[in-house]
Structure formats: structure tokens, C-alpha cells
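First the structure, in the form of C-alpha cells, and then the observations on it.
No lab work stands behind these numbers, since they all come straight from the coordinates. Please read all numbers here as calculations on a predicted model, not as lab measurements. All Cβ positions, even for glycine, are placed from backbone atoms using ideal geometry, and neighbour counts span all protein chains on display.
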Amino acid sequence: MNALHRDLNRLVPLVEERGRAQRKDDQTRLRFHLMPPVGWLNDPNGLCWYQGNYHVFYQYGPFDPTGGVKFWGHWSSPDLRNWKQEPVAMCPDQPWDIHGVYSGSALAEDDALYLYYTGNVKYAGDYDYVYEGRGHNLALGITRDGVHIESKMLLMENKDYPADVSCHVRDPKVWKQEDTYYMVLGARTKRDRGELLVYASRDRLHWSLCNTITTPDVFGYMWECPDLFCVDGQWILSLSPQGLEQDGCKYQNVYSCGYFPLYGDFRGAYTLGDYVESDVGFDYYAPQTFVAPDGRRIVIGWMGMPDAAYTNPTAEQSGWQHCMSVPRELHWKEGKVFAAPVRELEELRENGRTETLSGHTQLALGEGTDLLLDNTGDSLHLSIGKDDAVIHWDDGLLTLTLSENAGYGRTQRVLPLDRLIHLRLLIDTTSLELFVNGGEQTMSTRYYPTKADTLAIDGQGAVQLYDMRPMTFQWA
Ligand code: FRU
């Protein structure tokens with residue numbers, strides 16, 4: 001332990017204590033989504049099941065609701081409903097991570113949890129911090145109890161990466177396959193092309209490059225937060241590419257987030273299928289997957305968007321910002337990745353009711369809602385509150401439109417959609433998640449309605465509606 005480590009670990013609980021008082025009357029706090037105790041949250045990190053608990057680590061800026069130097073915050077849960085705030089797992093206290101313990105992943109072995117991350121360093125000087133002046137170091141924290149990190153070590157530095165990459169090489173995702181460990185790192189080349197570096201290791205500590213994966217044509221300048229996994233027999237390369245220009249309904253956000261089906265062998269000859277955006281709402285980025293003990297492939301995304309023009313009033317009003325998406329179970333069907341809320345969330349449902357839709361229907365909403373709609377009409381219109389959020393489907397387009405009051409700069413997102421059979425809406429106090437046709441497309445957003453106690457529907461079909469009890473958050 002060094003002195004900086006000691007002092008930071010004393011300071012974080014002090015600012016979190018301030019958050020405790022602010023949380024009490026904060027109507028913007030979510031009921032069934034993970035949030036930071038205070039300050040800022042971004043990417044999910046180190047998602048895993050280890051020794052009887054799920055673990056969600058995350059990019060945490062405890063001292064600054066608009067960002068700041070990143071720590072790893074930590075939630076644990078036996079069932080994805082009852083959550084315990086664990087002490088900060090890792091803080092920037094080493095020469096190789098002094099300007100941020102950046103994103104990474106967990107490798108859960110029987111007797112220890114290995115947390116791989118990127119140590120961010122910005123050297124003092126007149127640098128651009130892309131091609132010069134930045135260290136992106138591969139580092140590892142090890143814990144046996146899943147909570148307290150016993151040691152941190154540096155594994156690779158920029159000089160160890162291929163010669164043609166810039167300083168931006170980060171976000172290790174590690175997994176074990178047969179008797180080998182594999183790791184993917186997202187990279188920006190010196191010629192501004194996004195790519196994936198694939199490494200292999202026998203001992204978890206020494207890594208050698210075994211492949212580079214990229215597209216035939218340049219696809220963005222940087223691939224953040226990569227993940228490579230097999231679901232229902234199909235390999236998927238998930239990534240958050242930066243630098244895609246908006247092209248009609250494609251890439252409407254400042255940065256995209258999506259996947260390529262990968263055919264062949266990620267260690268050798270491969271081809272990538274067409275890129276599909278994972279979520280086309282305003283707020284979804286840097287998702288990471290893990291495997292539940294029953295074998296389900298589950299994804300959690302950050303319900304936020306870096307460098308977006310829109311904002312969240314919570315930062316100024318109550319000293320915190322951002323949340324995670326609900327955990328979603330992934331499946332490969334009909335040549336697509338489907339994402340639907342994990343079944344554990346159904347235990348939060350109460351007060352179920354059904355309504356037949358024929359023309360105009362007005363429904364009363366509680367503070368949290370799970371709504372399942374079977375659509376039989378050829379158009380559909382839903383409006384929450386005073387048009388705070390409007391979902392409209394007609395003429396092959398599904399639109400999500402937020403009011404000026406509720407959107408804080410978020411306006412409209414559009415999804416080409418010829419067939420709408422089923423729509424599921426998870427409505428929390430300040431978030432909305434839409435699951436289209438069983439999860440073949442999703443749209444996630446934050447929003448800040450003044451009074452979201454009604455839902456008006458114009459359409460044909462039927463709805464099933466539940467109030468959602470809050471999850472339990474055991475704050476430290
Ligand atoms: C994605 C990202 C990662 C990085 C982390 C820093 O949102 O930029 O690439 O590791 O956030 O917080």
C-alpha cells in the first residue's frame with residue numbers, strides 16, 4: 001500500500017457520505033438501474049459471477065459528477081436484484097495508472113478474480129495525447145475475496161504493442177478457452193484506423209499477439225471497449241467505434257455501439273459480416289458481456305454517451321450522473337443478436353393488468369413500469385406524460401421523440417422498422433428502454449419527465465402492464 005492509495009481510500013467514503021444525504025429526496029434516482037453513489041459513472045467493467053455473487057465494477061469518478069479521474073466502483077449481488085455497494089475496488093495510485101484506472105474485464109477462476117484494466121497516464125508536456133504523450137498500460141488487479149484487491153501489477157506498456165498503433169490501446173476483455181487465455185484490446189492505428197489486437201497467454205501474465213482484426217475499409221478511427229464471444233454457436237465481435245459519420249438512420253449518435261458477426265477463426269483467417277448497431281437510442285455505449293452460472297450470455301451497457309451535446313440535470317442538481325442499462329440476455333436468432341431484459345427482473349413486477357387496445361387508450365403509470373405490447377395494427381403511437389416521450393411507428397419507421405423539457409438536448413432517434421409485432425418498454429423514473437420484436441433492436445435513453453404518470457396509446461392489440469418494485473441498494 002502506498003500513501004496515495006491510503007489517502008484516496010479514506011477520501012472516497014467521505015464524499016460518498018455526502019451523497020447519502022442528497023439521495024434521500026432525489027426524485028431522479030432510478031428504481032431498478034445501477035447508479036453511482038455520488039459523482040460520475042461510465043462503462044461497466046469486470047462483469048462476472050464469482051464465488052456466489054454477480055459483480056459489476058464500473059468507471060467511477062467519485063469527486064466529479066462531470067467526469068474526473070477514473071476509479072473502479074463496485075456493486076455485487078446474488079440475484080441481479082439485491083445490490084450491495086462494495087468499497088472502491090481500484091484507485092489511480094500507481095505510476096502506470098495515475099490518471100485513471102480505465103476500463104477492463106474480469107477473469108473469474110476458482111480461487112481468485114483477475115481484473116485486467118488499462119492504466120491511463122498523461123505525461124506532462126505539449127502533446128496531442130493520441131500519437132504522443134499518453135501511456136495506455138495493460139495492468140492487472142488480483143482479489144481472492146472478490147472485494148479487496150491484494151496486488152496490482154503492470155503487464156504491458158505502449159512499447160509492447162505493434163509498432164503501427166497510436167498511444168490509444170485499451171479496454172482489455174479477457175476469457176479462457178480450453179487451456180488458453182485470450183484477450184482483445186481496442187486500438188487506434190497511427191493512420192487513424194480502428195482495429196482489434198488479439199493476444200493469447202498460458203499463464204494470465206505473459207501475453208503474445210496472435211492476430212489483428214479489422215475491416216477491409218476503414219471503419220472509424222478507434223474501436224473502444226471490444227468484446228468477442230460466442231452466443232448460440234455464432235461468434236460476435238462487439239465494439240464501440242468512434243469516428244463514424246452519420247449516414248441517414250445509421251450512426252445518429254456521436255459514437256456508435258454495435259457488432260459484427262465473425263466467421264472463421266478469430267485467431268487466424270476470419271471474415272466479418274455486416275455491422276449492426278446494438279442500440280439506437282440516445283444513451284447506450286461501451287457494453288460488456290459475461291456468462292451467468294447457468295450459461296446465459298448477459299450484457300450490460302452504460303446508459304450514457306461520451307461527448308454528446310445533451311446533458312443530465314442530475315450532475316448539477318444532485319451531484320451524480322449516469323446509470324447502467326438493465327442486464328440483457330443475448331441470443332443469436334434469424335442472423336441477428338437479440339437482447340431482452342434478464343428474467344430476474346420479472347420478480348420485481350407487481351400489480352399486473354391487461355388492456356385491449358382499440359383506438360385510444362389512457363393508462364395510469366406507477367413510478368416504474370414494465371409494459372408488454374402486442375401490436376396488431378399497421379401504426380402505433382404511445383405518449384408518456386405530456387408528450388415527454390413519444391414512440392411512433394408508421395410507414396416503416398419507429399421514432400423516439402423526447403420533449404424539450406424532458407430531453408435535455410435529446411430530440412429524436414429513428415429506426416427503420418417494417419414489422420412491429422411486439423414492443424416492450426421498461427420505464428424507470430429517468431430512463432426508458434425499448435425492446436422491439438423480442439429484442440431484435442433496442443433503444444435506450446435517459447429522460448427527465450415532470451410527471452410521467454400517464455401513458456396514452458393509439459393503436460390496435462393488447463398490453464400487459466406491471467408496476468416495478470425498486471431493486472434494493474445497500475449503500476455503504
Ligand atoms: C469508453 C472509454 C474507454 C475508457 C474509459 C475511460 O467510454 O473511453 O475506452 O477505458 O471510457 O473512462
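Could you check, for the stretch 450-473, whether at least one of its residues is free of Cβ contacts under 8 Å to residues at least 60 places away in the same chain and in contact with a strand residue (DSSP E or B) (Cβ under 7 Å, 6 or more places away or on another chain)? Write out each step before concluding.
Let us first name the residues in the stretch 450-473 that are free of Cβ contacts under 8 Å to residues at least 60 places away in the same chain, namely none.
No, because not a single residue in the stretch 450-473 is free of Cβ contacts under 8 Å to residues at least 60 places away in the same chain and in contact with a strand residue (DSSP E or B) (Cβ under 7 Å, 6 or more places away or on another chain).
Residues checked against (1) outside any loop (DSSP other than H, G, I, E, B); (2) buried (at least 17 other Cβ atoms within 10 Å of the Cβ):
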residue	(1), (2)
R353	yes, no
T401	yes, yes
A406	yes, yes
R410	no, yes
R424	yes, yes
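Does the stretch 57-75 hold any residues that are under 11 Å from L34 (Cβ atoms) and small (G, A, S), and which are they?
Correct list: G73 only.
Among the residues in the stretch 202-223, are any more than 16 Å from the ligand (Cβ to nearest atom), under 21 Å from L47 (Cα atoms) and among the polar types (S, T, N, Q)?
no
Given the residues D294, D279, which is the only one that is within 30 Å of N211 (Cα to Cα) and of a type in the set (D, E, K, R)? Full working, then the answer.
Details: D294 fails: within 30 Å of N211 (Cα to Cα).
Exactly one residue qualifies, and that residue is D279.
Any residue that is of a type in the set (A, V, I, L, M), free of Cβ contacts under 8 Å to residues at least 60 places away in the same chain and surrounded by 23 or more Cβ atoms within 10 Å (Cβ to Cβ) - is there at least one of those in the stretch 49-68?
Step one: of the stretch 49-68, the residues of a type in the set (A, V, I, L, M) are 56.
Retained after the next criterion (residues that are free of Cβ contacts under 8 Å to residues at least 60 places away in the same chain): none.
Within the stretch 49-68, not a single residue is of a type in the set (A, V, I, L, M), free of Cβ contacts under 8 Å to residues at least 60 places away in the same chain and surrounded by 23 or more Cβ atoms within 10 Å (Cβ to Cβ).
Which residues, counting only those in the stretch 371-393, are out of contact with any Gly (no Cβ under 9 Å at 6 or more places or on another chain) and more than 21 Å from F282 (Cβ to Cβ)? Steps first, answer last, please.
Our first condition is that a residue be out of contact with any Gly (no Cβ under 9 Å at 6 or more places or on another chain); within the stretch 371-393, this holds for 371-372, 378, 383-387, 390-392.
Once the filter is applied, which keeps residues that are out of contact with any Gly (no Cβ under 9 Å at 6 or more places or on another chain) and more than 21 Å from F282 (Cβ to Cβ), the stretch 371-393 yields L372, D378.
For the stretch 37-104, which fully contained strands (runs of 3 or more DSSP E) count at least 3 residues that are within 11 Å of the ligand (Cβ to nearest atom)?
Values: elements: 39-50, 53-61, 71-77, 82-85.
In the stretch 37-104, 39-50, 53-61 are the strands (runs of 3 or more DSSP E) which contain 3 or more residues that are within 11 Å of the ligand (Cβ to nearest atom).
Can you pull out the residues in the stretch 79-122 that are within 21 Å of T289 (Cα to Cα) and β-branched (V, I, T)?
Hits for the stretch 79-122 are V101, T118.
How many of the residues in the stretch 166-193 are farther than 22 Å from C230 by Cα, crowded, with 16+ Cβ neighbours inside 10 Å and in contact with a strand residue (DSSP E or B) (Cβ under 6 Å, 6 or more places away or on another chain)?
6
Residues V56, V69: which one is under 22 Å from I142 (Cα atoms), β-branched (V, I, T) and touching a Ser or Thr at 6+ places or on another chain (Cβ under 8 Å)? Steps first, please.
Details: V69 fails: touching a Ser or Thr at 6+ places or on another chain (Cβ under 8 Å).
Testing whether each residue is under 22 Å from I142 (Cα atoms), β-branched (V, I, T) and touching a Ser or Thr at 6+ places or on another chain (Cβ under 8 Å) leaves just V56.
Restricting to the stretch 372-383, name every residue that is surrounded by fewer than 19 Cβ atoms within 10 Å (Cβ to Cβ) and aliphatic (A, V, I, L, M). Don't jump to the end; show me each part of the working.
Start the filter on the stretch 372-383 by keeping residues that are surrounded by fewer than 19 Cβ atoms within 10 Å (Cβ to Cβ), which leaves 372, 374, 376-379, 381.
The one that is surrounded by fewer than 19 Cβ atoms within 10 Å (Cβ to Cβ) and aliphatic (A, V, I, L, M): L372.
Scan the stretch 229-240 residue by residue and report those that are more than 11 Å from the ligand (Cβ to nearest atom) and in contact with a Phe, Trp or Tyr (Cβ under 6 Å, 6 or more places away or on another chain).
Within the stretch 229-240, the subset more than 11 Å from the ligand (Cβ to nearest atom) is 229-238.
Passing the criteria: V231, D232, Q234, I236, L237, S238.
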